[in-house]
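Okay, structure first, notes after.
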Amino acid sequence: MSQQPSVILATASYDHTIRFWEAKSGRCYRTIQYPDSQVNRLEITPDKRFLAAAGNPHIRLFDVNSNSPQPVMSYDSHTNNVMAVGFQCDGNWMYSGSEDGTVKIWDLRAPGCQREYESRAAVNTVVLHPNQTELISGDQNGNIRVWDLTANSCSCELVPEVDTAVRSLTVMWDGSLVVAANNHGTCYVWRLLRGTQTMTNFEPLHKLQAHKGYILKCLLSPEFCEPHRYLATASSDHTVKIWNVDGFTLEKTLEGHQRWVWDCVFSVDGAYLITASSDTTARLWNLSTGEDIRVYQGHHKATICCALHDGAEPGPS
């Protein structure tokens with residue numbers, strides 16, 4: 001097995017490639033050709049072994065430690081762009097959401113889709129609640145739905161703004177908050193209150209007019225960032241804003257990208273942020289100074305998603 005970097009950073013672009021980068025030096029050390037479609041979303045498995053690429057209409061899994069250009073697995077039952085992908089904490093299963101209007105669950109140890117939920121509108125974003133038993137999806141018609149994996153049904157449905165697409169959802173690591181970002185540059189924040197069995201109670205907490213343009217991605221900071229809690233919003237206005245969750249005051253505006261910022265991901269300790277932009281670059285930002293300290297250059301079209309895993313692998317549970 002080749003010596004793998006402890007930090008795994010990957011980006012994908014409209015140029016039909018996925019690139020792996022040395023985070024510190026900015027050197028691209030591996031390029032995977034992805035001729036079949038664009039890649040909408042990248043996610044790394046919790047054990048750092050695989051990179052999932054969500055395309056149109058398939059999801060492909062690549063071995064992080066091999067130089068093989070071929071995927072190790074392909075998941076094929078969606079019928080349109082796959083816009084969201086993620087993993088259960090032990091890496092036993094994967095979830096996805098697609099413009100075909102469905103949310104699916106895939107067992108990683110057996111091929112094929114295990115479960116399917118109908119959202120009846122193009123799904124733009126799906127997140128897994130930290131309790132690992134509920135998925136929350138947001139769609140093009142403005143619906144947010146909670147899918148209870150234990151009861152195998154939709155346990156909650158809300159529409160923050162009628163006919164305004166929910167672009168991105170994020171949940172606080174402890175399950176206390178959920179944020180939805182829409183095409184009007186607005187973030188809706190809810191407190192999640194535990195019901196008797198599950199977290200179906202959304203209590204409105206805040207409405208944040210974060211950007212004049214679209215918000216393409218919203219993301220809450222990870223556990224090791226505590227006691228500080230931040231919300232990052234990446235926008236078509238070329239900036240990323242960092243908000244303090246305590247009162248939703250603006251902490252920093254990250255300026256440097258020349259075009260839309262499509263995606264962002266925090267480092268495990270919340271000290272850094274990686275962003276992906278239509279200006280073809282990805283950038284590494286120091287959040288204490290707000291400076292971009294590394295630019296990842298190599299893609300020759302819009303860079304639309306990024307994935308980072310710089311934490312320890314989860315130990316045996």
Looking at region 270-291, which of its residues are of a type in the set (Ser, Thr, Tyr) and free of Cβ contacts under 8 Å to residues at least 12 places away in the same chain?
-> Thr289
Of all residues making up region 267-317, the number that are at pLDDT below 95 and closer than 21 Å to Val39 by Cβ | 0
Return only the number of the condition from (1) open to solvent by 20 Å² or more (accessible area, probe 1.4 Å); (2) within 21 Å of Arg167 (Cα to Cα) that Lys301 does not satisfy.
-> (2)
Given the conditions (1) closer than 24 Å to Lys217 by Cα; (2) open to solvent by 40 Å² or more (accessible area, probe 1.4 Å); (3) in a loop (DSSP other than H, G, I, E, B), which single one is not true for Asp47?
-> (1)
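Results for (1) crowded, with 23+ Cβ neighbours inside 10 Å; (2) under 19 Å from the mean Cα position of the chain (by Cα); (3) in a loop (DSSP other than H, G, I, E, B), shown as yes or no for each residue.
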residue	(1), (2), (3)
Gly213	no, no, yes
Cys218	yes, yes, no
His228	no, no, yes
Thr233	yes, yes, no
Asp237	no, no, yes
Asp246	no, no, yes
Lys252	no, no, no
Checked region 31-44 for anything more than 18 Å from Met83 (Cβ to Cβ) and part of a loop (DSSP other than H, G, I, E, B); matches are Pro35
Selection within region 97-153 - over 18 Å from Leu169 (Cα atoms), of a type in the set (Lys, Arg) and touching a Lys or Arg at 6+ places or on another chain (Cβ under 9 Å) | Arg115
When only residues in region 255-272 that are under 21 Å from Asn182 (Cβ atoms) and in a strand (DSSP E or B) count, which is most open to solvent (accessible area, probe 1.4 Å)?
-> Trp262
In this structure, does Ser267 turn out to be touching a residue at least 12 places away in the same chain (Cβ under 8 Å), more than 18 Å from Leu42 (Cα to Cα) and of a type in the set (Ser, Thr, Tyr)?
-> no
All positions within region 273-308 that are aliphatic (A, V, I, L, M), closer than 17 Å to Tyr230 by Cα and part of a loop (DSSP other than H, G, I, E, B) = Leu287
Kindly list the number of the only condition in (1) β-branched (Val, Ile, Thr); (2) open to solvent by 10 Å² or more (accessible area, probe 1.4 Å); (3) closer than 30 Å to Gly270 by Cα that fails for Thr150.
-> (3)
Some residue of region 23-41 being open to solvent by less than 50 Å² (accessible area, probe 1.4 Å) and under 17 Å from Arg109 (Cα atoms) = no
Say whether the condition of being in a loop (DSSP other than H, G, I, E, B), within 26 Å of Ile274 (Cα to Cα) and modelled with pLDDT under 95 is met by at least one residue in region 90-98.
-> yes
Wholly inside region 106-209, strands (runs of 3 or more DSSP E) that include 2 or more residues that are more than 17 Å from the chain's Cα centre (by Cα) are 113-118, 144-148, 153-158, 186-193, 201-209
What about Glu313, is it among the acidic types (Asp, Glu) and part of a loop (DSSP other than H, G, I, E, B)?
-> yes
Scan of region 96-114 for residues that are closer than 22 Å to Gln140 by Cα and open to solvent by 20 Å² or more (accessible area, probe 1.4 Å), ordered by number = Glu99, Asp100
Could you check how many residues of region 63-84 are in a strand (DSSP E or B) and farther than 23 Å from Thr170 by Cα?
-> 4
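The values are calculated or read from the model by the stated rules, or taken from the named source; none is laboratory data. All values derive from a computational prediction rather than experimental measurement. Virtual Cβ from ideal backbone geometry, glycine too; neighbours counted across all protein chains shown. Just the protein is used for accessible areas: all its heavy atoms, side chains included, with ligands, DNA and RNA removed. Shrake-Rupley method; radii C 1.70, N 1.55, O 1.52, S 1.80 Å.
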